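K.L.:
If you scroll down you'll find the structure; I have some questions about it.
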Amino acid sequence: MEYQNCLSPDDLKTICSLFAQNNNVPKPLIIALCHHNASICHPLLLASSILTNDDLIEIIDAKGLEHARIITRRSNIGPKLRFHLREQNDERIDRALELRQMPLQVEGSVSPAFKNIRVHQINSALDEEFIQLTKESDISFIHTALVDNLALEFVSVRNLCSDFTSRNLPIALHYLRLSTQTAWLVFVSLAHETNISDDVHAQFVKTYENLDYSISVATVKSWQQDDLRARKIYSNVANQSRSELIKKAAS
């Protein structure tokens, strides 16, 4: 407890990642770590089973919206915590909570609600937000914004942003209704260590402007469903492991 403020952000991130799956860490230490920047304590907010819904509500009240948005993606949100999250009046939180309530669809199916959608307007507010994020030297800000707006897990977004030969990143940006220029700025920011030629720019613009919005929506929805399945599998395995530990202790 007394040395945590002497550690670097990177060291604190590593500790939070290790503690997120450890049920033997004293709760006061977990809560103290959760009062650091959300980019540091993200694994604890998302996965620590030591934190109760009441603990998470207190953290939200103390730290605010950025922590609340991460907590929204937990697998164990009770009615009291859900109500508290709704009280934040945040579009991203509401969207994430609504996604959690969606039934899993049969693989390969596409809801009729997402067919033949056409969008003629740019999402101006989101477009401006991403323009500002491309001016930051730390691309994790873009990752976080994509997690929040796409309602995907961090690991999914990191994978999405790591393959610049795929159509997936343009599809994700198209789903958010970013302008072509802003989408390109995001692409360049994420590919900052990659040599980008004029041909790459021309191909990106061509790909982006020829995307069908209905396909972009259906594709992102399928990614969201994949994340829900993965979260459900992880939750079942974790519950099974805890049950086996209890049985061993009892015997």
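K.L.:
Using the structure shown, select from Lys27/Lys63; Lys13/Lys63; Lys135/Lys221 the pairs with a Cα to Cα distance greater than 24 angstrom.
P.N.:
Lys135/Lys221, as the Cα separations exceed 24 Å there.
K.L.:
Let me ask you something else. Starting from the Cα gyration tensor of the stretch 1-90, take the square roots of the eigenvalues, sort them a ≥ b ≥ c, and report rounded, prolate or oblate (rounded when a/c is under 1.5, otherwise prolate if a/b is larger than b/c, else oblate).
P.N.:
It comes out prolate by the Cα gyration axes.
K.L.:
So what does Glu87 come to for accessible area, using a 1.4 Å probe and Å² rounded to 10?
P.N.:
Spelled out: Glu87, probe radius 1.4 Å, area about 100 Å².
K.L.:
Restricting to Cα pairs below 8 Å that are 6+ residues apart, what does the relative contact order work out to for the stretch 1-86? Please round to a whole percent.
P.N.:
26
K.L.:
Whole-Hz Karplus ³J(HN,Hα) for the stretch 199-213, in order, using 6.51 cos²θ - 1.76 cosθ + 1.60 and θ = phi - 60°, x for Gly and Pro?
P.N.:
5, 5, 4, 4, 5, 4, 4, 4, 4, 5, 6, 9, 6, 8, 4
K.L.:
Pop out the ³J(HN,Hα) list for the stretch 22-36 in order, Karplus 6.51 cos²θ - 1.76 cosθ + 1.60 with θ = phi - 60°, rounded to Hz; leave Gly and Pro as x.
P.N.:
Karplus values, whole Hz, x for Gly and Pro: 10, 8, 9, 7, x, 4, x, 5, 4, 5, 4, 5, 5, 8, 7.
The values are calculated or read from the model by the stated rules, or taken from the named source; none is laboratory data. These numbers come from a predicted model, not from an experiment. Ligands, DNA and RNA are stripped out before the accessible areas are found, and what is left, the full protein with its side chains, is counted by its heavy atoms. Shrake-Rupley method; radii C 1.70, N 1.55, O 1.52, S 1.80 Å.
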